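Student: Following this message is one structure expressed as structure tokens.
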Amino acid sequence: AGSYDSQISKDEFVMGVGLLRRALLYFHSGGDVLEIGAGTGRNLGYYPSSCRSVLLTDVSEEMLAQARAKLKKMGKAERERHTCAVADASKLDGVPDRSVDTVVDAFGLCSFQDPVGTLRAVQKKCRPGGKILLLEHGRSETYPKLNAYLDANAERHAKNWGCVWNRDINHIVERAGLVVETRRNFHFGTTYYLVCRPGPGQDGEMNGETAAEGQMTVERASQ
């Protein structure tokens, strides 16, 4: 966890990912915020003053320790409105239903065991009118040759990073029942900038379906 930021910071800088994080949160987040898969807190510093509180959650205590270290270097007001908690994004038992205005996930759907189930679960946490903001990477919508590269190297990448980088983000979001209000793609269609709302009737309860993307396995392109 200690070397995670240094390993990806250069790539994110070159690709302008920090600008995407800033834009998504500045223009669309507000109220009480729940961030899932927060990791080392790479979104810290991007939350606008319209956010009353920000709860950073992750399954890794080691990752959150890095986020807490960053918070200690921030001003008192920032420290007071942020909280870190170890939590499974697919359950979030410690977060009351209908208690947050914004759910944020940045590059987490590639590593969640059950991304569809996770998105279904967080909808239950949203107040009426709540938003779900997603910044993700996955299969390209427009470059089949790039997808072939992602498929060919997916197993190696997953072993090294715990990231299944060839998941079909559009399909995951659709199966979860989210209503997409804004969709933009960057980096040859592999980076997804999504502003969503909970779907009609999506109260976080599973309907008995098994999520096709629900296992931490390498996905292959359809034959």
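Each row is one residue, and each column tells you yes or no for (1) modelled with pLDDT of 95 or more; (2) of a type in the set (D, E); (3) closer than 28 Å to G18 by Cα.
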| site | (1), (2), (3) |
| --- | --- |
| H157 | no, no, yes |
| Y192 | yes, no, yes |
| V195 | yes, no, yes |
| G201 | no, no, no |
| A212 | no, no, no |
| R220 | no, no, no |
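Student: Would you point out which residue out of H171, H137, H187 is under 18 Å from the mean Cα position of the chain (by Cα) and buried (at least 19 other Cβ atoms within 10 Å of the Cβ)? Walk me through it before giving the result.
Tutor: On the way: H171 fails: buried (at least 19 other Cβ atoms within 10 Å of the Cβ); H187 fails: buried (at least 19 other Cβ atoms within 10 Å of the Cβ).
That would be H137, the only listed residue that is under 18 Å from the mean Cα position of the chain (by Cα) and buried (at least 19 other Cβ atoms within 10 Å of the Cβ).
Student: Among the residues of region 101-122 satisfying the criterion of being open to solvent by less than 30 Å² (accessible area, probe 1.4 Å) and among the hydroxyl-bearing types (S, T, Y), which is farthest from L44 (Cα to Cα)?
Tutor: Going through the qualifying residues, I end up with T118.
Student: Taking region 119-152, which residues are outside any helix (DSSP H, G or I), under 16 Å from W165 (Cβ atoms) and not basic (K, R)? Reasoning before the result, please.
Tutor: Step one: list which residues in region 119-152 are outside any helix (DSSP H, G or I), which gives 124-143.
Imposing the further condition that a residue be under 16 Å from W165 (Cβ atoms) reduces the set to 134-141, 143.
Result: L134, L135, E136, H137, G138, S140, E141, Y143.
The values are calculated or read from the model by the stated rules, or taken from the named source; none is laboratory data. Note that the structure is predicted; figures quoted are calculated from it, not measured. Please note: Cβ atoms are built from the backbone with ideal geometry, for glycine as well, and neighbour counts cover all protein chains shown. When the accessible area is computed, the model is the full protein with side chains, heavy atoms only, and any ligands, DNA or RNA have been set aside. Shrake-Rupley method; radii C 1.70, N 1.55, O 1.52, S 1.80 Å.
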